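Heads up, the thing below is written out as C-alpha cells.
The values are calculated or read from the model by the stated rules, or taken from the named source; none is laboratory data. Model, not experiment: these values are computed from the prediction. Methodologically, a virtual Cβ is constructed for each residue, glycine included, from the backbone with ideal geometry; neighbour enumeration extends over all protein chains shown.
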Amino acid sequence: VTDTILQLVQGFGVALTPVNLMWCFIGVFVGTAVGVLPGIGPALSIALLLPLTYKVDATAAFILFSGIYYGTMYGGSTTSILLNTPGESATIVTAMEGNQMAKRGRAGAALATAAIGSFVAGTIGTIGITFLAEPVVNLALRFGPAEYFSLMMLAFVTVSAVLGSSAVRGLTSLAFGIFLGLIGIDLQTGQPRFWFGITELSDGINVIVVAVGLFAVGETLYLAARRKSAEPAAVIEVKDSIWMSREDWSRSWKPWLRGSALGFPIGAMPAGGSEIPTFLSYFIEKRLSPKPEEFGKGAIEGVAGPEAANNASAAGVLVPMLALGLPTSATAAIMLSAFQSYGITPGPLLLQQQPALVWGLIASLYIGNVMLLVLNLPLIALWVKMLKIPEPLLYGGILMFATIGTYGISQSYVDLVLLYLIGFAGFLMRRFDFPTAPVIIGMILGPLAEQNFRQAMTISQGDMSVLFTRPLSATLLALAILALVGPQIWRAMVRR
Amino acid sequence: MTGEPNRSAIAWQDTLVGLGVLALAAIVAWQTTVIPENAIYARVGPKVFPWLAATMLAVMGAMLTIEGLRGGWEHEESEGTDWHSLGWLLLGLLLNVALISVIGFIAAGTILFVCTARAFASARPLRDAAIGLALGVVAYVGFDRVLGYKIGSGLIERLL
C-alpha cells in the first residue's frame, strides 16, 4: 500500500506540471462542452477528438483523454436534466428523475446533486483504481494466452448477449464488429483478408471511422427519420439557485455513497455495463427513501444515486482497460486503440514499463474531477447556451466534423465512403434495435482474441483442450457459457 | 411448440433484416475461401477466425429470419418515418461524396451543412450556408494550418 501511495505521489508530480495541468483542463472543458451537446456521448467525443492528441506525447494525450472521459459524463447529466433526451442508456434514469425535478423548478438542486455526486463517485472510483490496479495486475501476470482468450470470450458474451434487450441482436452486432476487425493484412501470416481488391482496405479499417460512422452519421440519420413521431424537446430554464438546501444534502449523501459502492465494482468487472448499476441504484434508493411517493415526480435521491453509480462505473471500466488491456465499453475500446496507435499495449506489463504514464493518468483523474466540480456549477449558464444550439445547426456541425475527422485526416476517399456506409448500417441498427457498442468492442477485441488464441495453441502445440484443462481458463469459459445460456434456461423454466 | 400467440403475421421488414445478415454471412464465407493459406506456417491459419465470424453471422441471421417470420421483434415502426428529412440528409451525404474531391472540403462541407439543416426543418438556407461556410473555414484552418494535417485543396481553400 505504501508503495502504491509513493507511486501515486510520483504520478501527481507528472500531472501537476503546468503543461499537463493545461491538457487536463482542456480535456475537462472540451469534454463537458461536447458532452452537453445532445446526441454526442463519450465514445463519439473521444473518437472525434483523437486527431488532436496525435500531435502531443503519449502522457499528455492520455491526460487529455481522461479529462474528456470524465468531462463528457458531467456534461451528459446536465443534458439529461435540462433536456429530456433519451440517448445513452446509462443516463435514462437521471433523465427520468432529474428532468421531473427541473420541470418543478428544482433544476438547480438537481444539477448540484448530480455534479457533487459525480465528484464524490469519481473520486471514490479513482481511489478504487489506485488500489485495485496493482492486485489486478498481479493476478493478470499469472494469466497465460489461454486465460486471456477465455476472459475475452466472457467479455464478448456479457457485453453483447447479457446486457441489452436481445441476445441474438447483440451477438449479431458483435459478429459484425469481429468481421470489421478482421479486415486487412493478418499480422501473423501476412495474408490479406477481406480486402475486396481495394488497396486501402488491406491496412484495415480505422476504428475512428466505425465509431464516428455509427455514433455520428448513424445517429443523425436515425434522428432525422423519426422527426415526425418525436415530440420536440424543450430546454428547461434554471430558475432556482444552483445549490442544495440542508434537506437536499441530507437526502443526497447516502445515495452518493451507495451509488458509488454499486457502480465501481460492477464497472470494474470484465463484464462492464453502466446500465445495471444505475438501474439498481434507482430501485434501491426508491426502496430506502422516506418519501418513495416522490419517485417518478422528481425525487432527489433518484438523481443522486444513479448519477454516482454511473460515474463510479465509468471509473471502474478503466481498471480492466489499464490492467488487463480489456475494454468493456465502446469508449474504453476507442481509448485502447488510441494506446495501440502510440505503440503502447495496455495490460499488466504497462504498469511496470510505463509507470509515469499510468500513474500520471490516474493522478490527473483526481485533478480533473476537482476541476470539473469547480467548472461545472458556476459555468452552468454557458452549458445551457450550448444546449440551446438549434437542431439544424447542431447536426450540420456534427456531420461536418465527422467528415473532417475521418476523410480530412486520412485523405482517403475509401474512408469517406466507408464512413457513410457504416453510418447507414448504424441507422438500420438503431431502427431495428440492435446495440451498437458490441460492434466497436468486437472490432478491437476480436484481433486480440485471435492473437491470444494463436499463442495458446502455439504453446500447447495445437491442443485445444488447454482452454478447458487450465483451471482459471476453464472457469472463465464456464462463466461465459453460463452467461450465454443461463438466461434462456431460466426463462424456459419460469414458463413451465 | 406454443410460440407467441399474440403475434402471428410475418414481419416483412424484420425478415429482410435477417436475410440481410444471412447475405453478409455468405459474403464473409465466400471471401474467407479466397484468403491464401500456404505462405507462412502458422498453427492457427488466417482462415480460422473468419470462419468463426461467418458461422456466427449465419446462425444469428437464421435466428433473426425465423424471428421475423414469426412476427418480428419490437422496434421503431416505419409508419412514423419522416422520408422528407431522411431524403435531404441522404442527398447531402451523396453530394458530399461526389463533390469533395472536386470542389474541396469547405465547399462540399457547406453543401452538406445546408442539406442537413434542411433535413432538420431549417427554413433559412442562406443563413445555414453562411454558418456552414464559417464552420468549414474554421475547421480547415484548425486542422490544416494549426495541426498540420493535409486536408487537400479546393475552390475556397485556394483563397485562404
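Descriptive notes on the structure:
- Qualifying residue in the range B:90-102 (condition: at the interface with chain A (Cβ under 7 Å from one of its Cβ atoms), surrounded by 15 or more Cβ atoms within 10 Å (Cβ to Cβ) and in contact with an Asp or Glu (Cβ under 8 Å, 6 or more places away or on another chain)): no
- Which numbered condition A:Met386 misses (of (1) more than 30 Å from A:Leu201 (Cα to Cα); (2) without any contact (Cβ under 8 Å) to a residue 40 or more places away in the chain): (2)
- Residues (within 17 Å of A:Val56 (Cβ to Cβ) and more than 18 Å from the chain's Cα centre (by Cα)) located in the range A:318-357: A:Ser341, A:Tyr342, A:Gly343, A:Ile344, A:Gln354, A:Ala356, A:Leu357
- Selection status of A:Thr189, polar (S, T, N, Q), within 14 Å of another protein chain (Cβ to nearest Cβ) and within 25 Å of the chain's Cα centre (by Cα): no
- Residue match in the range A:97-104 (condition: modelled with pLDDT of 85 or more and farther than 30 Å from A:Tyr222 by Cα): yes
- Residues located in the range B:54-97, provided they are assigned to a helix (DSSP H, G or I), at pLDDT below 90 and of a type in the set (S, T, N, Q): B:Ser78
- Candidate set from the range A:386-443 (those that are assigned to a helix (DSSP H, G or I) and hydroxyl-bearing (Ser, Thr, Tyr)); member that is farthest from the other protein chains (Cβ to nearest Cβ): A:Thr406
- Some residue of the range A:470-490 being of a type in the set (S, T, N, Q), over 17 Å from A:Ser173 (Cα atoms) and crowded, with 16+ Cβ neighbours inside 10 Å: yes
- Filter result for A:Trp249 (crowded, with 19+ Cβ neighbours inside 10 Å and of a type in the set (Phe, Trp, Tyr)): no
- Taken residue by residue, the range A:167-186 has at least one member that is in contact with a strand residue (DSSP E or B) (Cβ under 9 Å, 6 or more places away or on another chain), buried (at least 21 other Cβ atoms within 10 Å of the Cβ) and in a helix (DSSP H, G or I).
- Within the set A:Val157, A:Val168, the sole residue that is without any contact (Cβ under 8 Å) to a residue 24 or more places away in the chain and over 17 Å from the mean Cα position of the chain (by Cα) turns out to be A:Val168.
- Boolean, A:Ser281 is free of Cβ contacts under 8 Å to residues at least 24 places away in the same chain and either crowded, with 21+ Cβ neighbours inside 10 Å or part of a helix (DSSP H, G or I) (or both): no
- Verdict on A:Arg454 being at the interface with chain B (Cβ under 9 Å from one of its Cβ atoms), more than 25 Å from the chain's Cα centre (by Cα) and without any contact (Cβ under 8 Å) to a residue 40 or more places away in the chain: no
- Among the candidates B:Arg118, B:Arg127, residue that is more than 7 Å from every other protein chain (Cβ to nearest Cβ), crowded, with 21+ Cβ neighbours inside 10 Å and under 19 Å from A:Pro390 (Cβ atoms): B:Arg118
- Which listed residue is farther than 24 Å from A:Leu154 by Cβ, of a type in the set (D, E, K, R), within 14 Å of chain B (Cβ to nearest Cβ) and in contact with a Gly (Cβ under 6 Å, 6 or more places away or on another chain), from A:Lys239, A:Lys228: A:Lys228
- Set A:Gly408, A:Gly305, A:Gly360: member being under 26 Å from A:Leu214 (Cβ atoms) and either surrounded by 24 or more Cβ atoms within 10 Å (Cβ to Cβ) or out of contact with any strand residue (DSSP E or B) (no Cβ under 6 Å at 6 or more places or on another chain) (or both): A:Gly408
- Cross-chain or 6+ apart pairs with Cβ under 8 Å, the range A:28-40 first and surrounded by fewer than 24 Cβ atoms within 10 Å (Cβ to Cβ), then among the acidic types (Asp, Glu) and assigned to a helix (DSSP H, G or I): A:Gly39/A:Glu219
- Pick from the range B:75-89, criterion within 7 Å of chain A (Cβ to nearest Cβ) and not hydrophobic (A, V, I, L, M, F, W, C), ranking: farthest from B:Leu112 (Cα to Cα): B:His75
- Selected residue (criterion: surrounded by the fewest Cβ atoms within 10 Å (Cβ to Cβ)) from residues of the range B:40-70 that are at the interface with another protein chain (Cβ under 9 Å from one of its Cβ atoms), in contact (Cβ under 8 Å) with a residue 12 or more places away in the chain and touching a Gly at 6+ places or on another chain (Cβ under 6 Å): B:Gly61
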